[in-house]
Amino acid sequence: MSTLIVGANGATGRLLVEELLNRGQRVKIVVRSLNSLPEKLKGHANLSMIEESILDMSHADMATLVRGCHAVVSCLGHNLTFRGIYGRPRRLVTDATNRLCNAIRKNEATEPIKFILMNTTGNRNHDLDERISIGQKCVIGLLRLLLPPHVDNEKAANYLRTKIGQNDPHIRWVAVRPDGLIDDAEVTNYKIFKSPTRSAIFDAGVTSRINVAFFMAELINTKKTWDMWKGKMPVIYNSV
Ligand SMILES: NC(=O)c1ccc[n+]([C@@H]2O[C@H](COP(=O)([O-])OP(=O)(O)OC[C@H]3O[C@@H](n4cnc5c(N)ncnc54)[C@H](OP(=O)(O)O)[C@@H]3O)[C@@H](O)[C@H]2O)c1
């Protein structure tokens, strides 16, 4: 059994690849270019690599891709360039989530497959009564108008919440919500909450990418962690 990671050469994705390989897991990745993947990962015996853009894959190829994987993780995000933010694909994360879930369903595995989405504290879990200030509502409204990647992140999580839901026979999901991402060399203490405990706009906290990767690996490998957070949108902050 192995884990498929898309967005695997991104700043968080590559840390998750490394964490899972260090735990002795098998990992499959799809990346647009292998050039941007660290050399230390490329030669690893437990890593299988496909060089292709995830949204260019046919449905049949995607079903083959996810076959044999017990977990699928999206660390996709729009590149922070004008083209990445305003160009196509406008719904990179949502479309990849949708198509990967369709591929998982098509395979009709006997046990549900874990789907983990990297999301954001800027998105609310509408299954819960997550309240935000009027000021934050206005800023988020503006972000929806001005920043297509924000809408993409919202739609991707909403897809899991409303279209996959809690009782899909083939998929169980978790949408991990980090706050302001920073780079750190090592895993540090972090805390997980069911909802944000601070304003993502006016009082943002910090979350190390390496802590996000570690928590995702825990979700994949630790039954207790998975059972606690499946079907939810846990928020992760570094402990201060
Ligand atoms: N920045 C923050 O403070 C913050 C906070 C909370 C949540 N987030 C969310 O966290 C997620 C990941 O963050 P990160 O910093 O780890 O991301 P990142 O380093 O920008 O990585 C993004 C990944 O997506 C891939 N990608 C981008 N455009 C693509 C396309 N058109 N087709 C296929 N793959 C594509 C990139 O591949 P290439 O290398 O080929 O481009 C890369 O692997 C994002 O969704 C972001 O919105 C960010």
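The values are calculated or read from the model by the stated rules, or taken from the named source; none is laboratory data. Note that the coordinates shown come from a computational prediction; the quantities given were computed from them, not determined experimentally. Counting neighbours? That spans all protein chains shown, and the Cβs are built from the backbone with ideal geometry, glycine included. Surface areas here come from the heavy atoms of the whole protein model, side chains and all, with no ligands, DNA or RNA. Shrake-Rupley method; radii C 1.70, N 1.55, O 1.52, S 1.80 Å.
Conditions (1) out of contact with any Asp or Glu (no Cβ under 7 Å at 6 or more places or on another chain); (2) open to solvent by less than 10 Å² (accessible area, probe 1.4 Å); (3) farther than 27 Å from P169 by Cβ; (4) more than 15 Å from the ligand (Cβ to nearest atom), marked per residue:
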site	(1), (2), (3), (4)
C101	yes, yes, no, yes
T110	yes, no, no, yes
R144	yes, no, yes, no
P149	yes, no, yes, no
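Yes/no matrix, rows are residues, columns are (1) surrounded by 15 or more Cβ atoms within 10 Å (Cβ to Cβ); (2) among the aromatic types (F, W, Y); (3) out of contact with any Asp or Glu (no Cβ under 6 Å at 6 or more places or on another chain):
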{"residue": "Y159", "(1), (2), (3)": "yes, yes, yes"}
{"residue": "P169", "(1), (2), (3)": "no, no, yes"}
{"residue": "I192", "(1), (2), (3)": "yes, no, yes"}
{"residue": "P196", "(1), (2), (3)": "yes, no, yes"}
{"residue": "S199", "(1), (2), (3)": "yes, no, yes"}
{"residue": "N211", "(1), (2), (3)": "yes, no, yes"}
{"residue": "I236", "(1), (2), (3)": "yes, no, yes"}
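The range 180-240 holds no strands (runs of 3 or more DSSP E) entirely within its bounds that carry 1 or more residues that are farther than 30 Å from G135 by Cβ and touching a residue at least 40 places away in the same chain (Cβ under 8 Å). Put simply, of R161, R177, R172 the only residue that is under 30 Å from K106 (Cβ atoms), within 13 Å of the ligand (Cβ to nearest atom) and either at pLDDT below 95 or in contact with a Gly (Cβ under 9 Å, 6 or more places away or on another chain) (or both) is R177. Remark: pairs (first residue in the range 58-77, touching a residue at least 24 places away in the same chain (Cβ under 8 Å); second residue surrounded by fewer than 13 Cβ atoms within 10 Å (Cβ to Cβ); Cβ separation under 8 Å; 6+ apart in sequence or on different chains) = G68/M1; C69/M1; H70/M1; H70/E111.
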